[in-house]
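Only one structure is covered here, and it is reproduced in the block below.
The values are calculated or read from the model by the stated rules, or taken from the named source; none is laboratory data. Owing to the predicted nature of the structure, the values given are computational and were not obtained by experimental measurement. As a convention, Cβ positions derive from the backbone with ideal geometry for all residues, glycine included, and neighbour counts pool all protein chains shown.
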Amino acid sequence: MNLDSFLWFGVALTVLPAVIFCIQVYIALSMRTPSIEGSTVVAIEPPDTVILMPAHNEVKVIGGTLHMLRELVPQVRVLVVADNCTDETAVIARSEGVEVVERSSANLRGKGYALQHGIEHLRSKAPKVIIVLDADCTTTPTDMYRLAAFCVDVSRPVQGIYLMRSPSDGSIGTKIAEFAWLVKTMVRPIGWQHMGGTCQLMGSGFALPWHIARHLDLASGHLVEDMKLTLDLAESRHAPVFTGVSHVYSVFPSAVTSQASQRRRWEHGHLSLLLSKVPRAVLKAAATRNPQLLSVALDLMVPPLSLLVLVLTGLTIGGVLQTAIWGLGWSAVSVWILSVTLAIGVLAIWARWGRAVLTAREFMSIPLFVVRKLAVYGGFLWRRERQWRRTDRD
């Protein structure tokens, strides 16, 4: 394969994900978007709601999270599923006055199994809405009330704004990860929503109407159970929608090994799903005339931002070499158009929302961070993450 053919192959591989990303980003930039700060609106009376909290060895964080939610009780039930715990998670949860069920299985491990166990427990006294909230998240009663009310109003699964922040001693790499998470969980959903599209579930801070939740089969140890659930919901024409009325926050772990494990699980899981299920979902969406499934599949087609940047950077360098040796060709021009359009979009996102996360100097170091991710993507080829493991908390 000569260089020109290689560049055309690269364009064919990246053009659709890059175009989808740019459409989402540029539309979001044109919209009046929700603040990333917490809501100050007075709390409303919630519908009949249960906050479902899967918890595996969360002794370090669950007490603080439940204490924060204490104001919700008794208006909102809180159900903690102490899943395969070997610490005092269940004891601490009970001491905070919430409902606790315990689950133990040597073989069936993963957040999906915990969620399914919680739903089965709720069948005897079913709520109108279930809100899934991880044990290390912070939010407010107002945000939970509004998320539940919006879910009842649209009668669809709903994802609120879920942001992850760097710890106070976070490295530049962690801050860049925070910026990338902001792009994925707030900016892109805003743009896709205004295109009439759907939204991915982000793992926490989302609500499910009971009439939908009761039919779900969540019991899996999939690396990215939230993405798999999004596809399942879209296939049944109940794809999630995005709302900016609710905010949930979490913090990246400080330990370098925990950060690496978390990112490897997320990114390997996303790539595995992209390769194994997304093409099939596109074909099925066309065959069944399911626009929700097509919208979700196209959204999931966008790989992790660092991988997209890495591939386009490599193609850009290839275009420069081709031009220097054989002269300017259309393949190089196509690569440069994609790369420049994406780069301008990322820069505009930073200018609007990212300056509180990254200084200008830190933003300029993104290429170095992306290069270091080569090991993560190389590992996908020869040492792929296949088993769900919970990230260690600080």
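Of the residues making up region 254-269, not a single one is of a type outside the set (V, I, T), outside any loop (DSSP other than H, G, I, E, B), in contact with a helix residue (DSSP H, G or I) (Cβ under 7 Å, 6 or more places away or on another chain) and at pLDDT 85 or above.
Here the condition is being touching a residue at least 24 places away in the same chain (Cβ under 8 Å) and either in a loop (DSSP other than H, G, I, E, B) or under 27 Å from R264 (Cα atoms) (or both); of R123, R146, R156, it holds for R156 alone.
Is region 336-358 home to any residue that is touching an Asp or Glu at 6+ places or on another chain (Cβ under 7 Å) and of a type outside the set (S, T, N, Q)? Explain how you work it out, then say what you get.
Taking region 336-358 as the starting set, the residues that turn out to be touching an Asp or Glu at 6+ places or on another chain (Cβ under 7 Å) are 357.
Next, only the ones that are of a type outside the set (S, T, N, Q) stay: 357.
Taking every residue of region 336-358 in turn, at least one turns out to be touching an Asp or Glu at 6+ places or on another chain (Cβ under 7 Å) and of a type outside the set (S, T, N, Q).
Taking every residue in region 13-32 that is under 17 Å from A180 (Cβ atoms) and pairing it with any residue that is of a type in the set (D, E, K, R) and surrounded by fewer than 14 Cβ atoms within 10 Å (Cβ to Cβ), at least 6 positions away or on another chain, the pairs with Cβ-Cβ distances below 8 Å are L29/R352.
Within this structure, V340 passes the test of being surrounded by fewer than 16 Cβ atoms within 10 Å (Cβ to Cβ), at pLDDT 90 or above and part of a helix (DSSP H, G or I). Do we have T185 as free of Cβ contacts under 8 Å to residues at least 60 places away in the same chain, polar (S, T, N, Q), closer than 26 Å to D83 by Cβ and outside any strand (DSSP E or B) here? So T185 passes the test.
Examine region 206-225 for a residue that is touching a Ser or Thr at 6+ places or on another chain (Cβ under 6 Å) and more than 21 Å from K60 (Cβ to Cβ), and state whether such a residue exists. Yes - at least one qualifying residue is present in region 206-225.
When the residues of region 234-249 are narrowed to those that are crowded, with 22+ Cβ neighbours inside 10 Å and in contact with a Leu (Cβ under 8 Å, 6 or more places away or on another chain), which ends up farthest from G64 (Cα to Cα)? Break it down into steps so the answer makes sense when it comes.
At the first step, the residues of region 234-249 found to be crowded, with 22+ Cβ neighbours inside 10 Å are 234, 239-240, 242-243, 246-248.
Of the ones still in play, those that are also in contact with a Leu (Cβ under 8 Å, 6 or more places away or on another chain) are 234, 239-240, 243, 246-248.
Numbers: A234: 35, A239: 32, P240: 29, T243: 26, S246: 20, H247: 17, V248: 15 Å.
Among them, the one singled out is A234.
For region 210-239, the tally of residues that are within 22 Å of Y113 (Cβ to Cβ) and either outside any helix (DSSP H, G or I) or within 11 Å of the chain's Cα centre (by Cα) (or both) stands at 17. Looking across region 290-327, the residues that are of a type outside the set (S, T, N, Q) and either at positive phi or outside any helix (DSSP H, G or I) (or both) come down to M301, V302, P303, P304, G327.
Quick check: anything in region 189-198 in a loop (DSSP other than H, G, I, E, B), within 21 Å of Q292 (Cβ to Cβ) and touching a Pro at 6+ places or on another chain (Cβ under 8 Å)? Please lay out each step first, then the result.
Restricting attention to region 189-198, the residues satisfying the condition of being in a loop (DSSP other than H, G, I, E, B) are 195-198.
Imposing the further condition that a residue be within 21 Å of Q292 (Cβ to Cβ) reduces the set to 195-198.
Applying the additional criterion that residues be touching a Pro at 6+ places or on another chain (Cβ under 8 Å) yields 198.
Within region 189-198 (the criterion being in a loop (DSSP other than H, G, I, E, B), within 21 Å of Q292 (Cβ to Cβ) and touching a Pro at 6+ places or on another chain (Cβ under 8 Å)), the answer is yes, since at least one residue qualifies.
Filtered by the rule that a residue be touching a residue at least 24 places away in the same chain (Cβ under 8 Å) and either basic (K, R) or surrounded by fewer than 21 Cβ atoms within 10 Å (Cβ to Cβ) (or both), region 96-110 gives E96, G97, V98, L108, R109.
Looking at (1) over 23 Å from the mean Cα position of the chain (by Cα); (2) in a strand (DSSP E or B); (3) in contact (Cβ under 8 Å) with a residue 60 or more places away in the chain, which one does L52 not meet, given that it meets all the others? Single failed check for L52: (1). Selection of region 76-102 for residues being assigned to a strand (DSSP E or B) and within 26 Å of the chain's Cα centre (by Cα) yields R77, V78, L79, V80, V81, A82, D83.
Residue count for region 147-165 satisfying the condition of being surrounded by fewer than 22 Cβ atoms within 10 Å (Cβ to Cβ) and over 14 Å from the mean Cα position of the chain (by Cα): 7.
Contact map, region 287-315: first residue under 17 Å from T185 (Cα atoms) and of a type in the set (D, E, K, R), second residue part of a helix (DSSP H, G or I) and at pLDDT below 95, Cβ cut-off under 7 Å, separation 6 or more or different chains; pairs are D299/W192. Residues that are more than 22 Å from Y26 (Cβ to Cβ) and of a type in the set (D, E, K, R) within region 341-375 comprise R361, E362, R372, K373, listed in sequence order.
Checking M164 against (1) part of a strand (DSSP E or B); (2) under 11 Å from A207 (Cβ atoms), only one condition comes out false. Which one? (2) is the only condition that M164 fails.
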